[in-house]
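Here is the structure we will look at, set down as structure tokens.
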Amino acid sequence: MTEQKPAAVLWDMDGTLVDTEPYWMTAQTALIESYGGSWTHEEALDLVGSGLWRTARAMQAKGVEMGEDAIVTLLSEQVMEQITVAVPWRPGAKELLSDLRQSGIPTALVTMSIGVMAEHVRSFIPFDGFDLVISGDDVTHPKPHPEAYLAAAAHFGAAPADCVAIEDSVAGTASAVAAGVVTIGVPHYLSLDGSGATVLWPTLEGRRTADVVRVLTESRTPAS
């Protein structure tokens, strides 16, 4: 079996690179409660991995009397403030990213957070982590639509099937799979069973470039 290095490794951010979902949930709850509403953990989980303008509409449905863009900006600012206090790296994520960079494999951050927040997280990485950032304000159709992952592959001049995505959410995994990208699912808050991910890893801890190369290579091996 001839090993094949990915043309690029495409990283989700929230829940995959950094565990910011609790930060989002805190910001959402505070905003809704400021308008006299209530917000459950289950309602918050339903938004994991999807576009922020969907979140904004959910906030409006709970009585928040603000425009969608204003909600997105406010929530993002509050999450960035929390990140500045403590960057919640996911186990093994920064180490795997560093190893990929040292191996010369191009990388992209493909997130539905807005660009300013993606760059904020990026600024805390102690090395040049990404060649490209595609954020929620760069696309017309958010995850689970494949647009973001198709755009990332196109940037590198690569076929989606030659790229590997790393995702934690149902919406994000659906996006990568629909784009035809080989997808490593690392479930965090929600199960990815039946998501269509190429492989599921319980954690990124201890994973290195060779493991990612193996997933891509084995995805090309015909079933016996």
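The values are calculated or read from the model by the stated rules, or taken from the named source; none is laboratory data. What you are looking at is a predicted structure, and each value in this text was computed from that prediction instead of being measured. With ideal geometry, Cβ positions are generated from the backbone for all residues, glycine too; neighbour counts draw on all protein chains shown.
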Output for segment 108-154, where each listed residue is touching a residue at least 60 places away in the same chain (Cβ under 8 Å), farther than 13 Å from Val9 by Cβ and of a type outside the set (A, V, I, L, M, F, W, C): Thr111, Ser113, Gly136, Pro142, Lys143, Pro144
Test: residue in segment 202-214 that is part of a loop (DSSP other than H, G, I, E, B), among the small types (Gly, Ala, Ser) and within 13 Å of Thr173 (Cβ to Cβ): no
Failed condition for Ser195, given (1) closer than 23 Å to Glu3 by Cα; (2) touching a strand residue (DSSP E or B) at 6+ places or on another chain (Cβ under 9 Å); (3) surrounded by fewer than 22 Cβ atoms within 10 Å (Cβ to Cβ): (1)
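One line per residue, one yes/no per condition, for (1) outside the structural domain of Val121 (by TED's automatic domain parsing); (2) loosely packed, with under 15 Cβ neighbours inside 10 Å; (3) over 18 Å from the mean Cα position of the chain (by Cα); (4) touching a residue at least 24 places away in the same chain (Cβ under 8 Å):
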site: Glu3; (1), (2), (3), (4): yes, yes, yes, yes
site: Thr29; (1), (2), (3), (4): yes, no, yes, no
site: Tyr35; (1), (2), (3), (4): yes, yes, yes, yes
site: His41; (1), (2), (3), (4): yes, yes, yes, no
site: Trp53; (1), (2), (3), (4): yes, no, no, yes
Residues of segment 189-210 satisfying the condition of being under 18 Å from Val9 (Cβ atoms) and touching a residue at least 40 places away in the same chain (Cβ under 8 Å): Thr203, Leu204, Glu205, Gly206, Arg207, Arg208, Thr209
Filter pass, Phe124 being in contact with a strand residue (DSSP E or B) (Cβ under 7 Å, 6 or more places away or on another chain), outside any helix (DSSP H, G or I) and more than 19 Å from Glu68 (Cβ to Cβ): no
Any hit, segment 144-160, residues being closer than 25 Å to Ser103 by Cα and either of a type in the set (Phe, Trp, Tyr) or part of a strand (DSSP E or B) (or both): yes
Residue in segment 170-181 that is of a type in the set (S, T, N, Q) and outside any helix (DSSP H, G or I) present: no
Given (1) part of a loop (DSSP other than H, G, I, E, B); (2) out of contact with any helix residue (DSSP H, G or I) (no Cβ under 6 Å at 6 or more places or on another chain); (3) buried (at least 16 other Cβ atoms within 10 Å of the Cβ), index of the condition Met112 fails: (2)
